[in-house]
1. Which residue is farthest from the ligand (Cβ to nearest atom), if the candidates are limited to segment 323-332 and must be among the charged types (D, E, K, R) and in contact (Cβ under 8 Å) with a residue 12 or more places away in the chain?
2. Name the one entry in L338, L322 that is more than 18 Å from D78 (Cβ to Cβ) and among the aliphatic types (A, V, I, L, M).
3. Conditions first: (1) surrounded by 15 or more Cβ atoms within 10 Å (Cβ to Cβ); (2) outside any helix (DSSP H, G or I); (3) not aromatic (F, W, Y). E61 passes all but one, so which condition is the exception?
4. Name the residues in segment 101-133 that are surrounded by fewer than 18 Cβ atoms within 10 Å (Cβ to Cβ) and not in a loop (DSSP other than H, G, I, E, B), would you?
5. Would segment 393-402 turn up any residue that is more than 26 Å from R367 (Cα to Cα), surrounded by fewer than 20 Cβ atoms within 10 Å (Cβ to Cβ) and not polar (S, T, N, Q)?
6. What pairs can you find where one residue is in segment 39-50 and over 10 Å from L84 (Cβ atoms) and assigned to a helix (DSSP H, G or I), the other is aromatic (F, W, Y) and modelled with pLDDT of 95 or more, and their Cβ atoms are less than 9 Å apart, with a gap of 6+ or different chains?
7. Are any residues in segment 269-298 in contact with a Cys (Cβ under 6 Å, 6 or more places away or on another chain) and within 15 Å of the ligand (Cβ to nearest atom), and if so, which ones?
8. Just checking, how many residues over segment 180-209 are outside any loop (DSSP other than H, G, I, E, B) and away from the ligand (no atom under 16 Å from the Cβ)?
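The values are calculated or read from the model by the stated rules, or taken from the named source; none is laboratory data. All values reported here derive from a predicted model rather than from experimental measurement. All Cβ positions, even for glycine, are placed from backbone atoms using ideal geometry, and neighbour counts span all protein chains on display.
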Amino acid sequence: MIAVAVLTLACYSSGSLSHVWCVGANILLLTQAFRRKFIIPDFEEFASNIDQLYYITQRQEGGYVADYIPQLAKFSPDLWGVSLCTVDGQRHSVGDTKIPFCLQSCVKPLEYAIAVHEVGTEHVHRYVGKEPSGLKFNQLSLDEEDKPHNPMVNAGAIVISSLLKVSKAERFDYVMEYLKKIAGNEYVGFSNATFQSEKETGDRNFAIGYYLKEKKCFPENADMIAALDFYFQLCSIEVTCDSGSVMAATLANGGICPITGERVLSAEAVRNTLSLMHSCGMYDFSGQFAFHVGLPAKSGVSGAVLLVVPNVMGVLCWSPPLDRVGNSVRGIHFCQELVSLFNFHNYDNLRHFAKKLDPRRQSLDDRNKSVVNLMFAAYSGDVSALRRFALSAMDMGEKDYDSRTALHVASAEGHVEAVIFLTETCKVNPHVKDRWGNTPLDDASQFGRDRVISVLTEYQRMYPKQSGFQSDSEDQRKLDTVKLG
Ligand code: GLU
């Protein structure tokens, strides 16, 4: 039945039977949707909250668009887009989310993640530290061991661009391939004009390069000028909010792209990356960002903020006007608004802090409604409704106000088919007592439901009190065995 329903859903949404093939590819997504098993169950509500935050943030007018190269200066200060992608591939976009812009420093965490994935944590950190620098991102400075402070400052990113074990000629294509996979094959481009401009105006980065060379920060035989060139190329890689949000979601999802299901980065590479984004990702605002927002993020001079809510979603905010330290004014504001509304701050208490919304939870209201509907289906002996609840991952052993289960109700009413479904298929515990101390068998006896009595007696004989029943376990996966016919 679910297969048919899912098929119908897909045909309906695509408007054509010729699109039936897409069901196969999306069967996981569709099944999850049908069962409301997404990380954010009420996605529509969540998306409308995001839209509100977007419009509140749009009013923020301060800041200046970076103008050290014409390719950045050309952007209107009014541009503003937010895209998000959850770890199970739900998407939402609002504003200017289809316009390409350069990643600039947002490429640094991605470059670092690829390097760790390819050559390992130990090797990368032989050359680069893990400590916030407390200095500007393009400072000519090293830590006590004469290493760049971390991979999120220019010196660190320049050294890392010499660590990949691919030839100079192949390096760029190699990383582009990686980035495309991280973005689920969505838009990843390259602005040659930006690359040329970065090079022409990159005196500070050349100075950093020579300083790194003098201090022997590169591996032996590394070509410093080639590393710098590669760094400028990386900064000039383009994404849109949409594709960038998939990149962030791959980081949120431990290195598996939620769109393609492909593991692109190791869990270790992603964990390292998120840790460093958390402590060093937002220029000289990193400490405050960690304090107020409590999420890993990286910003760039193009006005992009790559934000990760680990295990939930990736977000790409983009608006060109920058504040004094180089972060997007609207980007920062949006992140702050996001964690004021939702309990996404790393140190928000998920169990007792009721002031913020937790979009990961089904609301109590929804749960109560479901219990009423479940009882009603049992009361009227509606087996297909019961089957629908089971397929939507509901706990079929759920109790109402009087501690009565659907099995009590169906037994009292003498609905044999419903009783068989609740016991044999859903494995509801027949030993549960309601507030008057009665089991479903007591109810069936009281109302003289002979056929139900024999079904329940047999079921209780097969499953004595200590057996594991569905309602005794939080693990809804048992329902995967529900018969679909
Ligand atoms: N291309 C810029 C630089 O290296 C990147 C700046 C940034 O986004 O932080 O100076």
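1. This residue is R330.
2. One residue alone meets the criteria, L338.
3. The one condition E61 does not meet is (1).
4. V119, T121, E122, H123, H125, R126
5. No, because not a single residue in segment 393-402 is more than 26 Å from R367 (Cα to Cα), surrounded by fewer than 20 Cβ atoms within 10 Å (Cβ to Cβ) and not polar (S, T, N, Q).
6. Cβ pairs passing all conditions: N49/F342.
7. If the condition is that a residue be in contact with a Cys (Cβ under 6 Å, 6 or more places away or on another chain) and within 15 Å of the ligand (Cβ to nearest atom), then S286, K298 are the ones that fit.
8. Here the count works out to 4.
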